[in-house]
Amino acid sequence: MSYLDILKSDINPLTKRVIFAGMLTMALEKEGFSPVVTNNYAVELYTQGNYEAETIDIVAPVELINKVLPSWDFARDGDFWVNQDLGIKVKSHAEDLDEKEMQRVAEINFNGATIYLLGVDDLIVNKLTDFASTDDRQDYIWAQEIMELFINEIDLDYLRDRAAEKGVYEPLQSIINEILPSEFYK
């Protein structure tokens, strides 16, 4: 049974997307590129499914995505690649991660496949940037949730610097004030 056949079976949606992300990573690495999961799908993985993303968001070259996904019966639908049989929608973000983001990429391993994730600090800033541009309170709440989950792994100096660079220092500081004892942020 192939991985695609497994994905067509009745399995947990989170597990299905993780298997798919691992398959996609392996396929793109054969082409010389390691994709990085970002945006809402990274939130889903970091929260172990407590947040459910509608799409698998990855940073990868468009030409590689255009080569791999059609061979797996994905069809283009606007900004997305969709496979109705699998119930999976992919959005490829062509922008490159900057050097700081690349140095902090995390990885998870699942059944022998590696999935690369935007680092937790950068994901928090990403969600706060979304909050600042859309005023969707859910983005703020998920930034806070991620920060609470990974409080012992966060580099506060880096996080503050990145938030300042992206213009979201104030909402970050608001979260810090809510969840950290004052001796951590003086």
Filtering region 63-105 down to residues that are assigned to a helix (DSSP H, G or I) and within 21 Å of ASN126 (Cα to Cα) yields GLU99, LYS100, GLU101, MET102, GLN103
Which listed residue is buried (at least 18 other Cβ atoms within 10 Å of the Cβ), aliphatic (A, V, I, L, M) and at pLDDT 95 or above, from ALA143, ALA53, ALA164:
ALA143
Report whether or not ALA42 is within 19 Å of LEU128 (Cα to Cα), within 15 Å of the chain's Cα centre (by Cα), outside the structural domain of GLU145 (by TED's automatic domain parsing) and not in a helix (DSSP H, G or I).
no
Assess whether ILE115 counts as being at pLDDT 95 or above, within 18 Å of the chain's Cα centre (by Cα) and not small (Gly, Ala, Ser).
yes
Exclusive hit being hydrophobic (A, V, I, L, M, F, W, C), surrounded by fewer than 18 Cβ atoms within 10 Å (Cβ to Cβ) and either outside the structural domain of PHE150 (by TED's automatic domain parsing) or closer than 26 Å to GLN138 by Cα (or both), set LEU86, LEU69, LEU24, LEU64:
LEU86
Restricting the first residue to region 136-158 and requiring it to be on the phi < 0 side of the Ramachandran plot, which pairs with a second residue that is of a type in the set (Lys, Arg) and assigned to a helix (DSSP H, G or I) meet a Cβ separation below 6 Å and a spacing of at least six or different chains?
ASP139/LYS127; TRP142/LYS127; ALA143/LYS127
Within the group LEU159, LEU149, LEU123, which residue is over 30 Å from MET26 (Cα atoms) and among the aliphatic types (A, V, I, L, M)?
LEU159
Consider GLU145 against the criteria (1) touching a helix residue (DSSP H, G or I) at 6+ places or on another chain (Cβ under 7 Å); (2) under 14 Å from TYR46 (Cβ atoms); (3) not aliphatic (A, V, I, L, M): it satisfies all of them except one. Which criterion is unmet?
(1)
Give ASP57, ASP85, ASP122, ASP73 a once-over and let me know the one that is touching a residue at least 12 places away in the same chain (Cβ under 8 Å), closer than 28 Å to ASP10 by Cβ and within 12 Å of the chain's Cα centre (by Cα).
ASP57
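The values are calculated or read from the model by the stated rules, or taken from the named source; none is laboratory data. Bear in mind that the values here come from a model prediction, so they are computed numbers and not experimental data. With ideal geometry, Cβ positions are generated from the backbone for all residues, glycine too; neighbour counts draw on all protein chains shown.
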